[in-house]
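Some notes on the structure that comes next.
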Amino acid sequence: MGKSVSIVIWIVICLFLGYMSSIMQSGALAEWYPTLVHSPLTPPGWVFPVAWTVLYILMGVSAGMLYGIRSIYTRFLYVLFGLQLLLNILWSVFFFYMRSPIMGFMDILLLDMFVLLYFIGAYVVKRSAALIMLPYVLWLVFATYLNGYIMLYN
């Protein structure tokens, strides 16, 4: 399997998991989320699926770029990547499905940590694989703020 095939496979995996997360959000997005007090910085609703689609593609590209690199860190990076994907999905479960901003906030703090560790490790192994994750890192900081705001004001 070549690097291009690996990138495509990782993109498909990330997009599929993102789709699964969106399914868990649908009921709460229609009934519960609109009733919450939101930060004045909250973007319009259409921004979230567009942003997440782009971010899932970038995440898949980053993971795929690591394919075939022989390094003591590569396996560890794939473990970190898998854990951050799991935490990403769990955030939707906690925040939307369980309607718990507190559990979502605890999850997103762990997610931030695992993504940052992946970013640092990928920077050592393949700088471009890390840099392509920078929009995700920045979006997560913003999402953490939005989650925290909802947690505090609702």
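Every number here is computed from the coordinates shown, using simple stated rules; none is lab data. Every value quoted in this text rests on a predicted model; they were computed, and no experiment measured them. Cβ coordinates were reconstructed from backbone atoms using ideal geometry, including for glycine residues, and neighbour counts include every protein chain displayed.
Here are the numbers for this structure:
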item: Ranked Met24, Met59, criterion: other C-beta atoms within 10 Å, fewest first; result: Met24, Met59
item: Arg70, Arg99, Arg75 arranged by Cβ crowding within 10 Å, fewest neighbours leading; result: Arg70, Arg75, Arg99
item: Over the chain: helical MRE at 222 nm, DSSP H runs n ≥ 4 each giving -39500 (n - 2.57), nearest 500; result: -26000 deg cm²/dmol
item: Computed E for Ala30/Leu138 - FRET, C-beta separation, R0 41 angstrom, nearest 0.05; result: 0.90
item: Extension reserve of the Tyr97-Ser4 stretch, reckoned as 0.36 nm per residue once the Cα distance is removed; result: 30.0 nm
item: Alpha-carbon centroids, the stretch 116-151 and the stretch 24-59: separation in whole Å; result: 18 Å
item: Residues Val125, Val141, sorted so that the one with the fewest Cβ neighbours within 10 Å comes first; result: Val141, Val125
item: Farthest toward positive dipole pole in the chain [+1 Lys/Arg, -1 Asp/Glu at C-beta], among Ile132, Met65, Thr42; result: Met65
item: DSSP-loop chymotrypsin sites (Phe, Trp or Tyr not before Pro) across the stretch 1-92, with at most 16 other Cβ within 10 angstrom; result: Trp32, Trp46, Tyr73
item: Lys, Arg +1 and Asp, Glu -1 on Cβ, resulting dipole of the chain about Cα centre, debye, nearest 20; result: 540 debye
item: In sequence order, calculated HN-Hα J values of the stretch 106-114 (Karplus, 6.51, -1.76, 1.60; Hz; x Gly/Pro); result: 4, 5, 5, 5, 5, 4, 4, 5, 5
